[in-house]
Amino acid sequence: MRTVATTLLSLALMVPTVTQTPSAGRGDEAAIRRVVERHDAARNREDWKALGELFREDAEQLTSAGEWRRGRAAIEKGVAQTMAGAYKGGTYVTKVEAVRMLVPTVALVDGAFEIANIGTGGSRRGYTTYVLVKANDDAGWQIAAARSMVPTPVGSTPRR
């Protein structure tokens with residue numbers, strides 16, 4: 001009976017450790033936020049190489065327009081084309097609202113984005129989620145996935 005009680009107590013003490021979500025250390029959260037800031041800055045100065053270096057080689061990006069970009073090169077090329085075309089002259093800003101550590105080396109970043117001053121001064125606003133991964137080498141935190149969306153009204157979606 002004593003062995004059963006000891007085993008149950010041990011298991012009960014382990015449950016909180018297993019179920020807790022890791023929290024970001026101050027250094028990690030600051031580094032993660034800097035990656036997003038660097039992302040915006042590279043877009044705004046049209047430095048596609050610097051933008052690409054923030055992404056893992058095998059990263060993916062789903063744009064708010066529904067375009068999939070797979071791989072660093074496709075992301076660099078796609079962002080360059082979009083910013084030179086539909087969003088020419090626009091300024092990209094992300095307001096990070098939450099950083100959540102899934103495990104010590106994987107973070108989920110949620111925020112709102114705006115591309116301001118498009119063409120004649122219009123804007124595109126939406127939400128974005130980044131998945132960042134901390135590499136074991138000197139690369140530090142890199143973007144593994146980016147998903148952006150622009151809210152639409154509830155109900156059926158018109159066909160394209």
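Bear in mind these aren't lab numbers, they're just calculated from the coordinates by the rules spelled out. Fair warning: this is a prediction, and the values are worked out from it, not measured in the lab. Don't worry about glycine lacking a Cβ; one is built from the backbone with ideal geometry, like all the others, and counts go over all protein chains shown.
Would you mind calculating the gained length between R125 and T105 on full extension (0.36 nm times residue separation, minus the Cα-Cα distance), in nm to one decimal?
Here the answer is 4.3 nm.
Please find the FRET efficiency linking D58 to A31, where r is the Cβ-Cβ separation and R0 is fixed at 22 Å, and quote it to the nearest 0.05.
Details: r = 21 Å, r/R0 = 0.95.
E(calc), rounded to 0.05, equals 0.60.
Provide the FRET efficiency to the nearest 0.05 for the A112-A80 pair, computing r from the beta carbons and using R0 = 25 Å.
0.60
For region 22-149, divide the Cα radius of gyration by the Kirkwood radius and give the resulting Rg/Rh value with two decimals. All intermediate terms of the calculation are to be shown ahead of the outcome.
On the way: Rg = 14.0 Å, Rh = 14.7 Å.
Dividing the radius of gyration by the Kirkwood radius yields 0.96.
Nearest 0.05, what FRET efficiency do S156 and N136 give at R0 = 41 Å with Cβ-Cβ as r?
Using R0 = 41 Å, I get an efficiency of 0.35.
Taking the alpha-carbon distance from K88 and a cut-off under 27 Å, which lysines remain once sequence neighbours fewer than 8 residues away in the same chain are dropped?
K49, K77
Contour minus end-to-end for R70 and D47, with contour as 0.36 nm per residue of separation and end-to-end as the Cα-Cα distance? Kindly include the intermediate steps, with their values, before the conclusion.
Details: separation 23, 0.36 × 23 = 8.28 nm, distance 1.91 nm.
Residue separation times 0.36 nm, minus the Cα-Cα distance, leaves 6.4 nm.
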